[in-house]
Every structure is written in structure tokens, then in C-alpha cells.
Amino acid sequence: MKDLSQLDVKGRRVLVRADLNVPLEGDVITDDGRIRASLPTIRDLAGRGAKVIVCAHLGRPKGSPDPKYSLAPVARRLGELLEVEVAFASDTVGSSAQSIVAGLGDGEVALLENLRFEPGETAKDDTQRAEFAGRLAGLAELYVGDGFGAVHRRHASVYDVPEILPHAAGGLITTEVGVLRRLTEDPARPYAVVLGGAKVSDKLGVIANLLTKVDRLLIGGGMAYTFLKAQGFEVGKSLLQEDQLDQVRGFLSEAAERGVELILPVDVLAADEFAEDAEYEVVDATAIPADRQGLDIGPRSRELFAAKLADARTVFWNGPMGVFEFEAFSEGTRAVAEALVASEAFTVVGGGDSAAAVRRLGLPEDGFSHISTGGGASLEYLEGKTLPGLAALEA
């Protein structure tokens, strides 16, 4: 995979596929982490005299313009962080984009409107996707892939455009891939993985693959209740995927056969409803009342998880331990995050809700070895899948 240093960019139009999919409340960005992660590549290109054309998606519009998914707030924040004016095109490949790109000087930066306003961006039909990719590629002379959070998608801007233009990987992607190789090729041991979040089904492939690689697998969050149920315990009204019970029993058996330590919560905060101000009690994870639901791991589980991470030399964490958005049910997630900060291990936060939790809980980002910008992409890489966006950059 070529990197930025191998591209001669001075005076040339460079299309940068970034990941600027930030959370918004109205037009206010509540977490600009992905924008900040994109800055080094954009600065590098602009500093070497490129005419930088940034493209990205936001949310899941249905292939047509939708004001609530406009990248206009992102353009403003990008300009503030770069301390330069960022020209914003009100379309993706139309007259506004063409005019703004034509007016770019060396070292200047523009941002195109949301790629997903165009149906061709996400089309499953190869011809439709290729047609849009051709129009997008027509704006530039070179392509830089730097949107790690989208490399697991076979989308026009990720997969098809680098087939058309000379291309290289941006600094963010090369960093992310380097970290993931370190996790998969020769990790320092003990190697511990912490998985949380709502659904076991979202992580079937990665659990199956990690059971062949890790020493310890810690399971929290909503997915833990399917594991507890698979062992025959009552989980009350907790989140449960009944259709995954046989699969989970298989994981439990395989972990035992391989000598992988699989750690589940020993106590939980069992609430009477799913609400921020819900009444709750701490109960054994093996005895959740039938009329209650687990919303976080309990104090003994926090101590157990921290102890199992204390001597690890490599840790990957993806998924919160509870409903961290509710303050009363955020302490399990905080305990895992703080254990990683205190650790001397190589610690990787696997993007998504985990990265959001780090920032929401006010923990120091530099307390972790790496915070990924792509939760789904990270998991698919660890699952052993070929990621279309990386394959296109390697071609």
C-alpha cells in the first residue's frame, strides 16, 4: 500500500476520502474526534501544495439530499481546526462542486456535500456505483484513502474511485492498519479482549476468530446476558438474543477446549425499567430477578475485569459494559476504561461507542495506545475479513 510520501501532489487536485461521520445535535457537533483524526493527512497535503478536495459521508440519508445530514457544520469545524477557510460545495459532483474545485489554489481545502446524498455512492449495482465513481474521480487527479471507518464498505468513494485514479493511503489508515496488524500478527501476551455492546450477533465472527488468538475474553454489556442464559441462568428482562444461544454455547465450549479464559459479569445493576432514573439493585449475575433488567456490570464485576486486565500486555476493547449514556449505569464502562489507562499494556479502543464513551466520561485520550476511528472496520479486520477499501488501496 502506497503512503502519502509516494505521491507528488504539488499543484495537483487530490481527492481525500475522509471519515467525518460525527454525531450531531441539530447543527452542533457533539464529538469532533473523527474530524481531528483527519487533520494530519489534510495538513500534509495542503502543506505540500495540493489542491485538497475532501469527501465524506454523514449518517444514513436515503440517497437524496436531507438537510439534517448536511456536512455544512463539519466544514465550519474543519476550517476552525485547520485555521483556514474551507470552501464548502453544496453538492457532491454537481455545479457547486465543479465550481469550487476549479477555484482552488495550491494548498487550499474544499469539502464536498454528503456523499450519501448520491444513490450511486452506496449502490449495490456495480454499473450505477461505477458511474458515480467516474464523476467523483473526474474532479481530481489523485486519490487518498483516509476514511478508515468506511473501508469495510464497498462504496463508490471507497472502492471504485481508487480503481480510476493513482492512489495512496492517508496517515490515518496506515496508522490504523499498523495497529491492527500488531493485534493480529504477533501480540504481546497475555492478550486480553473486552467485548461489550448490545448484540452477540454483531460480533459472532470476531468472537469466533479471537478464540483462536487471545488468552482472555471478557464479555460485558447487553451481549453478556445471552452468555449467562446459555449457561442456564435467569436474566429477567435483560437484553437477550434467544436465536444465538446455541452459537454462544459453542463459544463457551471452544473457549474451554482452547484454554481461553472467558470472563463474564459476576454481578449486575438490575433496574426496574430502561430509564436514566430507574431504580436498581445490585444482584448476582446468576440470579437476576424475572421483573428486572441488567443495565450495567456491578462493583464486583468491575473489580474482576480490572484484575483480569492488570497484567495483560495487549488489550483490545470494543463495546460499553452498560448503558453508559445514563450516568447511573456508566461505572462499568468507566472501570474498564480506567483499567486500560492504568495498564502498561498496548491498549486499543476499537472505535464506535467505546471511543465515544472515553470522551463522554472525560478520560484522557492519550491514556490509551490507540483509539480507532472505525469500530465496524476494526471488528471486520479482527474477524479476518478482506476490507474492500484496503484491498482497493493495495491494488
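Only the coordinates and a few stated rules stand behind these numbers; no lab work does. What you see is a predicted model, and the numbers here were worked out from it, not measured in a lab. Please note: Cβ atoms are built from the backbone with ideal geometry, for glycine as well, and neighbour counts cover all protein chains shown.
In the chain, the calculated helix contribution to ellipticity at 222 nm averages -10500 deg cm²/dmol per residue, counting -39,500 (n - 2.57) for every DSSP H run with n ≥ 4. Since only A256, G170, Y280 are under comparison, the one whose Cα sits farthest along the positive direction of the charge dipole of the chain, derived from C-beta charges on Lys, Arg, Asp and Glu, is G170. Reducing the stretch 139-207 and the stretch 285-322 to their Cα centroids gives an inter-centroid distance of 27 Å.
Looking at the square roots a ≥ b ≥ c of the eigenvalues of the Cα gyration tensor of the stretch 218-313, which shape do they give, rounded for a/c under 1.5, prolate if a/b is larger than b/c, or oblate? Oblate shape, in that a/c is at least 1.5 and b/c is the bigger or equal ratio.
Determine how many Å³ per residue the convex hull of the Cα atoms of the stretch 1-86 encloses. Here the figure is 112 Å³ per residue. For the chain, the longest principal axis of the C-alpha atoms and the axis of helix 72-82 are separated by about 80°.
Principal-axis analysis of the Cα atoms of the chain puts helix 331-342 at an angle of about 70° to the longest axis. Highest mean first, the peptides 1-9, 163-171, 384-392 sorted by other C-beta atoms within 10 Å per residue fall in the order 163-171, 384-392, 1-9.
Dipole check for the chain: with +1 at the C-beta of Lys and Arg, -1 at the C-beta of Asp and Glu, and the Cα centre as origin, the magnitude is about 1100 Debye. In whole Å, how far is the Cα centre of the stretch 224-249 from that of the stretch 15-93? Cα centres, the stretch 224-249 to the stretch 15-93: 41 Å. Given that just one value was derived from the coordinates, which of (i) 24.9; (ii) 22.1; (iii) 24.0 is Kirkwood radius over Cα pairs in Å? Among (i) 24.9; (ii) 22.1; (iii) 24.0, the one calculated here is (ii).
Cross-link pairs exceeding 20 Å in C-alpha to C-alpha distance, out of K213/K385; K203/K237; K203/K385; K124/K203; K2/K213, comprise K203/K237; K124/K203; K2/K213. Each of V341, V214, V358 was scored by other Cβ atoms within 10 Å of its Cβ. Listed from fewest to most, they are V341, V358, V214. Taking amide H as placed 1.01 Å from N in the peptide plane, the amide H of D3 sits under 5 Å from that of A169, each at least 5 places away or on another chain.
Rounded if a/c is under 1.5, else prolate if a/b is larger than b/c, else oblate: which is the stretch 123-163, with a ≥ b ≥ c the root eigenvalues of its Cα gyration tensor? Oblate shape, in that a/c is at least 1.5 and b/c is the bigger or equal ratio.
Cβ crowding within 10 Å ranks F326, F274 as F274, F326, fewest other Cβ atoms first.
Computed from Cα atoms alone, the Kirkwood hydrodynamic radius reported for the stretch 20-70 is 12.6 Å. Taking amide H as placed 1.01 Å from N in the peptide plane, F346 has its amide H under 5 Å from the amide H of T314, V315, each at least 5 places away in sequence or on another chain. By the beta-carbon count within 10 Å of each Cβ, the least crowded to most crowded order of M223, M321, fewest first, is M223, M321. The charge dipole of the stretch 86-151, taken about its Cα centre with unit charges on the Cβ of Lys, Arg, Asp and Glu (plus for the first two, minus for the last two), comes to roughly 140 debye.
Residues of the stretch 296-321 falling in the label zone of T30, defined by backbone nitrogen less than 20 Å from a point 7 Å along Cα to beta-carbon, are 296, 319-321. In this structure, R300 and R60 have a Cβ-Cβ separation that, at R0 = 45 Å, corresponds to a calculated FRET efficiency of about 0.70.
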